[in-house]
Amino acid sequence: MRFFSHLSIIPLLSLHGVLAFPSYGTLAGLSRSELEAILPTLKPGVPESPPGPLNDTSAKLVNDKKHPWKPAGKKDIRGPCPGLNTLASHGWLPRDGVATPAQIVNAVQEGFNMGNDLAVFVTYAAHLVDGNLITNLLSIGGKTDRTGPNPPPPAIVGGLNTHAVFEGDASTTRADFFFGDNHSFNETLFDELTAFSNKFGGGFYNLSVAAEFRFQRIQDSIATNPQFDFISPRYFTAYAESIFPLTFFIDGRDKSLHLDMNVARGFFQNSRFPDGFFRSNTSITLDVIGGGIDYIFSKHPVPPGSNNGTVNSYTPNPNSADFTQFCKLYTDFVNITIRGLYPNAKGALLTALNKNLEYFYSPLVGSGCPQVPPFV
Ligand code: HEM
């Protein structure tokens with residue numbers, strides 16, 4: 001009896017990580033043997049089509065009685081995105097920070113009036129690289145340490161903190177991955193942002209501040225981060241995220257395009273709507289964000305590129321999509337980023353991958369960007 005109970009610990013120990021693999025752990029980047037061990041332990045989620053646009057896109061109270069702010073609990077996950085963090089801390093998303101893509105699309109539409117095309121495109125992009133395509137769950141943060149001393153498998157769980165597939169360098173209020181923490185609010189960066197708002201925006205975050213600070217964050221990373229990487233898709237998301245505070249963090253009844261820095265801190269640091277906050281009074285679509293990107297890019301045009309292992313070695317990368325090539329952003333994301341993360345997909349995983357790729361493409365139907373054929 002003693003002999004058997006001793007033996008049974010061995011498979012339990014070696015299976016420990018697998019049994020504990022979280023339902024939101026990403027399957028992206030896993031080896032064939034990791035997939036073989038993990039897939040049978042997962043309970044498949046119910047596949048859902050992306051929600052459609054809102055019927056009523058007017059400004060409305062979103063910090064309401066049904067959605068009070070509560071601090072994140074010990075086990076609740078938060079990450080690099082102040083928008084999703086806020087939605088989770090107000091219960092527009094599950095407060096634990098783990099959600100299905102459809103829940104995220106609904107929440108960003110309802111809570112911030114994000115346009116359906118932008119919401120679907122961004123959410124499925126993130127889900128494909130950071131989410132679990134079998135359980136249909138995505139974590140809005142999560143540990144991603146693959147390199148620590150002897151990390152147990154559950155440390156590799158993906159989520160939006162994962163570096164270099166969606167999350168990236170030169171963020172507004174989060175440090176570069178190279179410096180250790182790519183997802184927590186960084187007071188030093190926020191102080192710099194405040195100084196820029198004083199210098200270029202009369203104490204507010206506005207379009208001029210967005211343009212100047214975007215450029216500053218790029219220059220800073222070039223000068224301090226030997227591994228600075230600024231190619232598509234990060235190139236696009238970095239500029240887009242400089243516009244987001246103006247389109248989403250300003251009360252929908254206020255037409256000034258000036259963001260109060262206390263309100264900004266509330267979102268960026270505390271994941272919190274101001275009291276009585278109304279969402280935007282118009283749907284913020286891909287086109288709206290594209291217009292903002294054109295403006296800030298025109299002030300300080302920087303081509304996509306990277307440092308090559310030393311600081312101040314920024315080299316443009318002509319193979320990366322830039323703002324004249326939106327279709328290439330999509331095509332390269334599918335053919336290079338996603339394909340590279342799932343070299344061993346077959347069976348149910350391959351089916352789920354193709355379904356999510358179809359959802360990801362759906363906002364581009366009619367755009368003139370050809371659809372990448374399903375993976376085989
Ligand atoms: C639609 C689903 C969304 C996903 C999957 C998503 C994901 C992300 C990720 C991964 C980042 C980190 C990028 C980085 O800085 O390295 C980020 C940053 C950011 N997101 Fe979101 N986001 C979403 C919606 C939103 C919404 C609705 C808002 C605004 C209400 C928002 C505002 C921002 C801002 C301002 C940043 C930049 C933070 C900074 O640089 O300090 N996002 N988002």
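Just so you know, all these numbers are worked out from the coordinates, no wet-lab data involved. Every value quoted in this text rests on a predicted model; they were computed, and no experiment measured them. Neighbour counts run over all protein chains shown; Cβ positions are idealised from the backbone, glycine included.
Approximating the spin labels as points 7 Å out from Cα along Cα→Cβ, the residue 224-to-residue 55 distance works out to 5.0 nm.
Estimated translational diffusion coefficient (Stokes-Einstein, Kirkwood radius over Cα pairs, 25 °C, 0.890 mPa s) of segment 22-364: 120 µm² per second. Below 13 angstrom from the Cβ of residue 332, what's the summed charge of the other residues (Lys, Arg +1; Asp, Glu -1)? Taking every other residue near residue 332 into account, the sum is +2.
Net length available on complete extension from residue 32 to residue 312 is 96.9 nm, with 0.36 nm assigned per residue and the Cα-Cα distance removed.
In the chain, taking the dipole from charged Cβ atoms about the Cα centre, the farthest positive-side position among 185, 203, 319 is held by 185. For segment 22-364, a simple Cβ point-charge model (Lys and Arg +1, Asp and Glu -1, everything else neutral) yields a dipole of about 600 debye relative to the Cα centre.
Separation of the alpha carbons by more than 23 angstrom is noted, of 60/199; 70/355; 75/346; 43/346, for 60/199; 70/355; 75/346. Assuming R0 = 51 Å, what is the FRET efficiency of residue 23 and residue 300, from their Cβ-Cβ distance, to the nearest 0.05? So the FRET efficiency works out to roughly 0.75. Using the Karplus relation 6.51 cos²θ - 1.76 cosθ + 1.60 with θ = phi - 60°, the per-residue 3J(HN,Hα) values for segment 67-78 come to 10, x, 6, 9, x, 5, x, 4, 9, 6, 9, 10 Hz, with x marking Gly and Pro.
Label positions at residue 324 and residue 375, each projected 7 Å from the Cα along the C-beta direction, are separated by 3.2 nm. Remark: the residue 41-residue 367 segment gains 113.4 nm on full extension, using 0.36 nm per residue and subtracting the alpha carbon distance. Projected label points at residue 187 and residue 275, each 7 Å from Cα along the beta carbon direction, are separated by 2.5 nanometres. Segment residue 198..residue 72, full-extension length gain: 42.2 nm, with 0.36 nm per residue of separation and the alpha-carbon distance subtracted.
Derived scalar couplings between HN and Hα for segment 205-210 equal 8, 9, 4, 5, 5, 4 Hz in order, rounded to whole Hz, by the Karplus curve 6.51 cos²θ - 1.76 cosθ + 1.60 (θ = phi - 60°), x for Gly and Pro. Phi angles of segment 299-304 translate, via the Karplus equation with coefficients 6.51, -1.76, 1.60 and θ = phi - 60°, into HN-Hα couplings of 6, 8, x, 10, x, x Hz per residue; Gly and Pro are given as x.
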